[in-house]
């Protein structure tokens, strides 16, 4: 809607579109406003930064680019670019901001997953603004190139420092991702265990989340103190049938095998073992 108002004096044949866009935008805004919680009610909670992805971006090292994106939006509307591109870019930027900050309206839908959409359009628009500023500030290409190199190095180092925990998490030497032996074990479950078997795992290990994805078996999580791990024969059965096939899987890189299973005289047979996973049969039949 601001883009439409801004472009009104420059339009000749597109004013019919504006007549449609303005009331449609107002109706959409009112629906969002009354469907969600008013932004004003959250103002007392916003002190520098809150647990909100959009606010975190606005007060982060990325904040200067957010400010530049508004200048970039004005520049593209003053240019001779095709009006359709102007509308699409403006609409996409507005939609990205709305999606990324939807929890401020009390909606709270995938805000962390939608924030890259906002960051992408901020990057595009701020690049246009930065190019305009460089053209105005540096008359000579050499000085402009020198500034760009220094600026890029500074931003890159700052980004690396801010995201070093991400690089550590993605490091193959770190146990942040599922390892090949664990994938092999889950594929063995898929290919060798009876259909509709229950696979019980420790809920503290997130790698077991891949069991229902790869194997299509039922996946059940329990705590370390649960009877599934301490005394499976007396475990509380939540299954529709007590005769269903049940197996306990230990992801041994990050957890140890509990006593009832590790004993030499264990009544629960080991059905599969590799360097990362051990699977025991605790079926009642």
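If only one of 149, 109, 122 is modelled with pLDDT of 90 or more and assigned by TED's automatic domain parsing to the domain that holds residue 28, which one is it?
122
Condition test on residue 180, is it at pLDDT 90 or above and touching a strand residue (DSSP E or B) at 6+ places or on another chain (Cβ under 9 Å)?
Answer is no for this residue.
Take residue 58 and decide whether it is in the same structural domain as residue 24 (by TED's automatic domain parsing) and modelled with pLDDT of 90 or more.
no
For the stretch 152-186, how many residues meet the condition of being part of a helix (DSSP H, G or I) and in contact with a helix residue (DSSP H, G or I) (Cβ under 6 Å, 6 or more places away or on another chain)?
2
Could you please find all residues in the stretch 218-254 being part of a helix (DSSP H, G or I) and modelled with pLDDT of 80 or more?
227, 228, 229, 230, 232
If I filter the stretch 187-217 down to residues being in a helix (DSSP H, G or I), touching a residue at least 60 places away in the same chain (Cβ under 8 Å) and touching a strand residue (DSSP E or B) at 6+ places or on another chain (Cβ under 7 Å), which single residue comes out as surrounded by the most Cβ atoms within 10 Å (Cβ to Cβ)?
The residue in question is 189.
How many residues, within the stretch 134-150, are surrounded by 12 or more Cβ atoms within 10 Å (Cβ to Cβ) and closer than 30 Å to residue 88 by Cα?
Matching residues across the stretch 134-150 total 2.
Report, by residue number, each residue of the stretch 95-113 that is free of Cβ contacts under 8 Å to residues at least 60 places away in the same chain and at negative phi.
95, 96, 97, 99, 100, 101, 103, 109, 111, 112, 113
Inspect all residues belonging to the stretch 76-85 and state whether any of them is out of contact with any strand residue (DSSP E or B) (no Cβ under 6 Å at 6 or more places or on another chain) and at pLDDT 90 or above.
no
The values are calculated or read from the model by the stated rules, or taken from the named source; none is laboratory data. Note that this is a predicted model, so its numbers are computed, not measured. Positions of Cβ are backbone-derived with ideal geometry, glycine not excepted, and every protein chain shown enters the neighbour counts.
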